Amino acid sequence: MVTNAMERIINDLLDEYKNRLSLTCTCNECLDDILALTLNGIKPRYVTNPDKVMYVKAEYFDKQQMTSLLVRLAECAKFVSDHPTCKTQTKEHDPYSLPNLS
Ligand SMILES: [Zn+2]
């Protein structure tokens, strides 16, 4: 089975940082939108076995590489937060509410 290792890595990053990304909505659809958008801008790294994701992940222990992934993730999170397409968000969207900084 072929897996894009970046999918797992970005998903983990999103999980770790979602509380710090000032998201206007954290439903699964919005999180998936952020994941897809981020992955579209990143070169995929395929592995033949999910256990091998850690080898790709090891390359991102380099701080500079990790920072550029996080910057990309933050940009995509902002875009999805500004243009939410999910039902939850369009129903309850309040343009005057401040971003949640917690
Ligand atoms: Zn949403």
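The values are calculated or read from the model by the stated rules, or taken from the named source; none is laboratory data. Source: prediction; values computed, not measured. Virtual Cβ from ideal backbone geometry, glycine too; neighbours counted across all protein chains shown. These accessible areas exclude ligands, DNA and RNA; they are computed on the full protein's heavy atoms, side chains included. Shrake-Rupley method; radii C 1.70, N 1.55, O 1.52, S 1.80 Å.
For K78, list the lysines whose Cα falls under 24 Å from its own Cα; do not include residues on the same chain fewer than 8 positions away.
Those lysines meeting the cut-off are K18, K43, K63, K87, K91.
Summarise the accessible area of the chain (1.4 Å probe, protein heavy atoms) by the percent that is carbon and sulfur.
Ligands and nucleic acids excluded, carbon and sulfur reach 53 percent.
Just going by the charge dipole of the range 3-89, with Lys and Arg at +1 and Asp and Glu at -1 on Cβ, which of N11, M66, H83 is farthest out on the positive end?
Sorting the options by dipole projection puts first M66.
Give me the Kirkwood hydrodynamic radius of the chain, using the inverse of the mean 1/r over all pairs of distinct Cα atoms, in Å to one decimal. Kindly include the intermediate steps, with their values, before the conclusion.
Details: mean 1/r = 0.0691 Å⁻¹.
About 14.5 Å for the chain.
Expressed in nm to one decimal, what extension gain is obtained for the pair D12 and N28 from 0.36 nm per residue of sequence separation less their Cα-Cα distance? Provide the component values of the computation, followed by the final result.
Values: separation 16, 0.36 × 16 = 5.76 nm, distance 1.42 nm.
Extra length available between D12 and N28 comes to 4.3 nm.
Rounded to the nearest whole Å², what accessible area per residue is found for the chain with the 1.4 Å probe? All intermediate terms of the calculation are to be shown ahead of the outcome.
Details: 7130 Å² over 102 residues.
Accessible area per residue: 70 Å².
Roughly how much of D12 is accessible, in Å² to the nearest 10, using a 1.4 Å probe?
Looks like 70 Å² after rounding.
Calculate how steeply helix 28-40 sits against the longest principal axis of the alpha-carbon atoms of the chain, using the helix alpha-carbon long axis, and give the answer as 0 to 90 degrees to the nearest 10.
Approximately 50 degrees, to the nearest ten.
Can you tell me the FRET efficiency between K43 and K78 if r is taken as the Cβ-Cβ distance and R0 is 22 Å, rounded to the nearest 0.05? Could the numbers behind the result be given before it?
Details: r = 22 Å, r/R0 = 0.98.
For K43 and K78, the calculated efficiency is 0.50.
Which whole-number percentage describes the relative contact order of the chain, with Cα contacts under 8 Å and a sequence gap of 6 or more?
46 percent
In the chain, once you exclude exposed chymotrypsin sites (Phe, Trp or Tyr not before Pro) (DSSP loop, at most 11 other Cβ within 10 angstrom), what's the longest stretch remaining?
Longest gap between qualifying sites, sites excluded: 1-60.
Quick one: helix 63-82 against the long Cα principal axis of the chain, what's the angle to the nearest 10°, folded into 0 to 90?
Here the helix axis deviates by roughly 30 degrees.
Looking at the chain as a GNM with Cα springs under 10 Å, which of A77, A58, A36 has the largest mean-square fluctuation?
A58
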